Amino acid sequence: MTEQIVCADARDFIKDVEPNSIDLAVLDPNYNDWDDLCQSGFMHDVYAAMKPTGNVICFTKQPFDHNLRQFVNPLFRREIIWSFSNGGAWVSPRMPLVSFQKLFWLAVTDQFYFNPRTGLEYAPATQSMKRGTKVFGDYCEEGKEFVKSEDGTWLRDHYHFNKPTSARVFAKPIELIQTLVTCFSPPGGVVLDPFFGSGVVGDACVNLNRDIVGCEIDKASVEAFMSKREQMLF
């Protein structure tokens, strides 16, 4: 696999990405930058880099999601919710507070790549059992035996993964990123991450045999990721 991570500003870097070369773009900037990114033409540069089968995932949350949703509407396919336990300054004595963020899935054409199986394991409570009979008006269908898929669970609209606590900078859970890479990029495909941060997208690509292309304005983050990769190789 190929790892091309440079220290640069995302707005400059994206202009040099080869057109029609990216299978999946994972965009996770500071959320209050979304308005500027959309108005400056950054998103159009991202679209130009995508293959016709390419997908774009945008991380966001309220209230920054409203304008972004309007801007990306022509390419919008689906919304996924990621929730996590909030370990803030105040926590309920009965249960942790729960927060959530949104992921917007965009597809640049109707030829988009999509693998509906996540690779995630089934929950322990899921058992091999016969489903109940389905009845819709005059239609009746006998329930089928549940069969576990070797490719994991179906992609769902909501996932709950807690944030990592040991990363040098804020990071997304690798289980969530690996789900996105599995479902929205083909094996051996090229993933773009112009806000590289902690390198979790790079880690997911290493684990799943995808090429990673990206940039990060913080030089220390780039050096930390590349150093970690060198240690793994040698």
Filter pass, S83 being polar (S, T, N, Q), at pLDDT 95 or above and either surrounded by fewer than 16 Cβ atoms within 10 Å (Cβ to Cβ) or under 14 Å from T109 (Cα atoms) (or both): no
Failed criterion for D45 (all others in (1) surrounded by 19 or more Cβ atoms within 10 Å (Cβ to Cβ); (2) under 25 Å from I174 (Cα atoms) hold): (2)
Scope the stretch 19-38; condition surrounded by fewer than 13 Cβ atoms within 10 Å (Cβ to Cβ) and within 17 Å of L75 (Cβ to Cβ); matching residues: P19, N20
Residue that is surrounded by the fewest Cβ atoms within 10 Å (Cβ to Cβ) [pool: residues in the stretch 2-18 that are within 24 Å of L208 (Cα to Cα) and of a type in the set (D, E)]: E18
Search result, residues across the stretch 180-216 that are surrounded by fewer than 24 Cβ atoms within 10 Å (Cβ to Cβ) and touching a Phe, Trp or Tyr at 6+ places or on another chain (Cβ under 6 Å): P186, C215
Failed criterion for M129 (all others in (1) under 26 Å from V26 (Cα atoms); (2) exposed (fewer than 10 other Cβ atoms within 10 Å of the Cβ); (3) modelled with pLDDT under 75 hold): (1)
Restricting the stretch 49-67 to residues that are crowded, with 17+ Cβ neighbours inside 10 Å and touching a Lys or Arg at 6+ places or on another chain (Cβ under 9 Å), the residue that is nearest to P187 (Cα to Cα): N55
Residue in the stretch 99-111 that is at pLDDT below 95, loosely packed, with under 13 Cβ neighbours inside 10 Å, outside any helix (DSSP H, G or I) and of a type outside the set (K, R) present: no
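The values are calculated or read from the model by the stated rules, or taken from the named source; none is laboratory data. Being a predicted model, the structure only gives us computed values, none of them experimental. We place every Cβ from the backbone using ideal geometry, glycine too, and count neighbours over all the protein chains shown.
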